[in-house]
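None of the figures in this text is laboratory data; all of them are computed from the coordinates on show. Quick caveat, the model's predicted, so the values are computed rather than measured. Because the Cβ atoms are built from the backbone with ideal geometry, glycine has one as well, and the counts that use them run over all protein chains shown.
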């Protein structure tokens, strides 16, 4: 019989949620940025997994949907490239337009 192992080990709900985000959510959002354009949410069923995890209180109830998390990761990566002239991909970006500089 499966027991609630994290709580049985004495972790509070908040700590269980932090561990869940640090381990599970980080792994879910690490690689999909490269291939997320080739799949649909139905292929992954990640949102269903995250909803079930919220019901079991393994992750915070305010955790965004998987698509939102991927978009946020994508934005962070693009901003890192855009603001770092030493990044290997930075030279491939178009120069900023005059409208963007205002």
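Annotations for the structure displayed:
- For a label point 7 Å along the Cα-to-beta-carbon line of residue 19, residues of the range 45-89 with backbone N under 13 Å: 58-59
- Gained length - residue 62 relative to residue 97, 0.36 nm times residue gap less alpha-carbon distance: 8.9 nm
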